[in-house]
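K.L.:
Structure provided below as structure tokens; questions to follow.
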Amino acid sequence: MCGIAGIALLERKNISVKDAVFSMSRSIKHRGPDDEGFTLFSENSFSVFGSAHTQEEVFHSNIHYCPKEKIESTAESNHHIAFAHRRLSILDLSPSGHQPMCNTQETVWITYNGEIYNYIEIKEELQNAGVIFKTQSDTEVVIAAYEKWGTACVNKFNGMWSFVIYDKKKNCLFASRDRFGVKPFYYYFKNGVFCFASEQKAIKQLPFVETSINKKAVYDFFVHNEEEYEEEGFFKNIIELFPSTNLLLDLKTGELKKEKYYSLKINNTFEDFSETKYKQYIEQTHELFIDSIRLRLRSDVPVGCCLSGGIDSSAIAGAMDQLQSKDPIHLFSAVFPNENIDESIWAEKVVKSTHSKWHKTTPTGTELFKDLKDLVYCQDIPLWSTSTFAQFKVMELVKQSGVKVVLDGQGGDELFAGYMPYFASYWNEMKANRGMSATLSELKKKGKLSGAALHWIKENAKQNSTGVLSGLKKLKSNPEACLNKNFAKENTYNRKKNEKNSLNETLLQEFSNTRLKLYLKCEDRCGMWHSVESRTPFADHLPLIENTFAIESAYKLHNGTSKSLLREAVKDLLPKEIYARKDKMGYVTPNNKWLSENKKQILELLGSDIYEFVDKKKLHNAIEKLGDQKHEQTIVFKALTFSVWKNVFGM
């Protein structure tokens, strides 16, 4: 797990690639405090450098891609391409794991962030084909896979990655990002300058980068609760390479091509529940889940686990306990004693049922406001929920414990249908295929009509009525009301309706480049800010994901129970209370309390230029009423973090 950055000048510019890449690397040093490396390329030669942050043993190594000199004391030369790498040492802790790394012929260079969990299996396949390896790192496997299969090598990978390869023979850059966006990648390409990095801040701080606020992204943030659903996020001209996408840049012609190398297929067949098939699916899911954990325990440093007390993280902890050695598992939780949202009672049951050591942190509102600027800066974007801060503090706890790798449950809800709104998608699918009578019978399986069921019935009533009911739908709360009228008028646009006809279609949308990608971004930034690698078995284990999306809806929400398939598949790994639990709240914090207790600090942190975007009178009225209306509290936190974002990035 690392940080990557680089720059390529396609035209002669008065730009020092050495200074640019050094500056980018320093801005993401938190992603890799263990080592730092640089490779600078001119037309017919290259030079490798270390820095004051490079491991001393790297300088003394005789490996051909390891440096002898420090970049700080090197004069600029006629370089036009530069790679940087910040290393968090997880696999092959020796100097041979140093990056940027190259092949034996020094014609293929890589700067790489991620983990290819099946690298051992790929390595064996390449060795059988005659390839000789000199390191124990997965980085060398990526290089060899590229040499063997070209850009199609990514189809072999099971894991998380973002990397750039410089192929000197083809005179091109090849960049790739993993299938579901676990690892980040951003780039800027304008006026003959191409630069890339793991985080936007590394690109934004370069003096020649032309950027400003993307007002469409701001509008979507406030009105639609969407962040980075488009390639161009809050920073104009800084582009996100989307998941499942390769990028090819011809350094001679300047032609940039992007291709989607993977699309997740789903099963849209609706069928009635079959107990026989259900048992088969349970067995398959169990085996694939255990395999996902087994692969993600591959590490040369200890691996811990984040624990909330829900099914996802509890199942991971249980599987780790089953698979790992006698050493206790380190479990990490955010707890809130004496709060009605506290879930430590559930997490404790997992601790007692496993061979583990429990680490706890209790984030507070005081800490939130103390750390808010760091939190926003680490994320690169404004925030809409204080839950990110709880995750931030858990990762800080992980670092303090000395653990460098944790497994986390991100993706479990989107994969196995863990949120209440997914029931509505399933009921719509059932209604279309089996009629309203069968659907109402299914609704009753949740016991008394639940909130989800009542909401679905009301929405169906609205769709089948006219006049008053349809008019009431339009009178629901309008998020645009909090915006500056001129800003709202200039940036509103017609959105395409994206109706989904099945549960699997809904889950696919959540899993591919929308909700899950945002959660994974928060996961990555919170972990890497504290130099912790976070691994997500539900979000990037391809066999598990593809198998689950091939399963019909009836087996995911069975008998009115969320995550029915996963519950049964991991039943033997869970305390019985966790298996039976149906009241999981999500990753929540005392949001309302924190904000209402800090009204003065909110007002102090709000910059006057925020009112170009947000209506001042309505925002201040919402602040005054903090603690009374949940909707207004959400608006307040959005406005607060947007203002802090503008300040810390000088926008």
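K.L.:
Could you look through the range 479-500, keep only residues that are at pLDDT below 85 and part of a loop (DSSP other than H, G, I, E, B), and pick out the one that is surrounded by the most Cβ atoms within 10 Å (Cβ to Cβ)?
P.N.:
Among them, the one singled out is Lys500.
K.L.:
Going by the structure shown, is Thr104 on the phi < 0 side of the Ramachandran plot and either under 33 Å from the mean Cα position of the chain (by Cα) or not assigned by TED's automatic domain parsing to the domain that holds Ile132 (or both)?
P.N.:
No.
Okay, residues lined up against (1) more than 30 Å from Lys399 (Cβ to Cβ); (2) modelled with pLDDT of 95 or more; (3) of a type in the set (Lys, Arg); (4) surrounded by fewer than 23 Cβ atoms within 10 Å (Cβ to Cβ):
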site	(1), (2), (3), (4)
Arg31	no, yes, yes, no
Asp35	no, yes, no, no
Ala82	no, yes, no, no
Ser94	no, no, no, yes
Asn103	yes, yes, no, yes
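K.L.:
Go through (1) in contact with a Lys or Arg (Cβ under 8 Å, 6 or more places away or on another chain); (2) within 24 Å of Asp321 (Cα to Cα) one by one and return the number of the condition Phe549 breaks.
P.N.:
Failing condition for Phe549: (2).
K.L.:
Going by the structure shown, is Val636 of a type in the set (Val, Ile, Thr) and in contact (Cβ under 8 Å) with a residue 60 or more places away in the chain?
P.N.:
When the stated conditions are applied, Val636 does not pass them.
K.L.:
Another one. Please specify each residue of the range 264-294 satisfying the condition of being small (Gly, Ala, Ser) and closer than 20 Å to Gly560 by Cβ.
P.N.:
Ser274
Results for (1) free of Cβ contacts under 8 Å to residues at least 24 places away in the same chain; (2) loosely packed, with under 15 Cβ neighbours inside 10 Å; (3) over 22 Å from Asp583 (Cα atoms), shown as yes or no for each residue.
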| residue | (1), (2), (3) |
| --- | --- |
| Leu297 | no, no, yes |
| Val303 | no, no, yes |
| Ile316 | no, no, no |
| Ala319 | no, no, yes |
| Asn338 | yes, yes, no |
| Ser344 | no, no, no |
| Val350 | no, no, no |
| Thr354 | no, no, yes |
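K.L.:
Would a scan of the range 172-195 turn up a residue that is surrounded by fewer than 21 Cβ atoms within 10 Å (Cβ to Cβ), in a helix (DSSP H, G or I) and assigned by TED's automatic domain parsing to the domain that holds Gly50?
P.N.:
No, the range 172-195 contains no residue that is surrounded by fewer than 21 Cβ atoms within 10 Å (Cβ to Cβ), in a helix (DSSP H, G or I) and assigned by TED's automatic domain parsing to the domain that holds Gly50.
K.L.:
Additional query: Among the residues that make up the range 150-165, is at least one of them out of contact with any strand residue (DSSP E or B) (no Cβ under 6 Å at 6 or more places or on another chain) and under 21 Å from Ser23 (Cα atoms)?
P.N.:
Scanning the range 150-165, I find no residue that is out of contact with any strand residue (DSSP E or B) (no Cβ under 6 Å at 6 or more places or on another chain) and under 21 Å from Ser23 (Cα atoms), so the answer is no.
K.L.:
Something else about it: Those residues that are of a type in the set (Gly, Ala, Ser), under 30 Å from Lys393 (Cβ atoms) and assigned to a loop (DSSP other than H, G, I, E, B), I need them from the range 501-529; list them, please.
P.N.:
Ser512, the sole residue that qualifies.
K.L.:
Something else now. Mind counting the residues in the range 401-427 that are out of contact with any Ser or Thr (no Cβ under 7 Å at 6 or more places or on another chain) and either in a loop (DSSP other than H, G, I, E, B) or without any contact (Cβ under 8 Å) to a residue 24 or more places away in the chain (or both)?
P.N.:
Residues meeting the conditions: 5.
K.L.:
Further, regarding this structure: Do you know which of the residues in the range 118-151 that are among the charged types (D, E, K, R) and within 23 Å of Arg86 (Cα to Cα) is surrounded by the most Cβ atoms within 10 Å (Cβ to Cβ)?
P.N.:
Here the answer is Asp138.
K.L.:
Also, quick follow-up: When you look at Asp374, is it crowded, with 18+ Cβ neighbours inside 10 Å, within 29 Å of Thr641 (Cα to Cα), under 19 Å from the mean Cα position of the chain (by Cα) and of a type in the set (D, E, K, R), yes or no?
P.N.:
Against the criterion (crowded, with 18+ Cβ neighbours inside 10 Å, within 29 Å of Thr641 (Cα to Cα), under 19 Å from the mean Cα position of the chain (by Cα) and of a type in the set (D, E, K, R)), Asp374 does not qualify.
K.L.:
Sticking with this one: Is it true that Ala539 is in the same structural domain as Met320 (by TED's automatic domain parsing) and under 25 Å from Asp272 (Cα atoms)?
P.N.:
It is false that Ala539 is in the same structural domain as Met320 (by TED's automatic domain parsing) and under 25 Å from Asp272 (Cα atoms).
The values are calculated or read from the model by the stated rules, or taken from the named source; none is laboratory data. Predicted, not measured: the structure shown is a model, and the values here were computed from it. Virtual Cβ from ideal backbone geometry, glycine too; neighbours counted across all protein chains shown.
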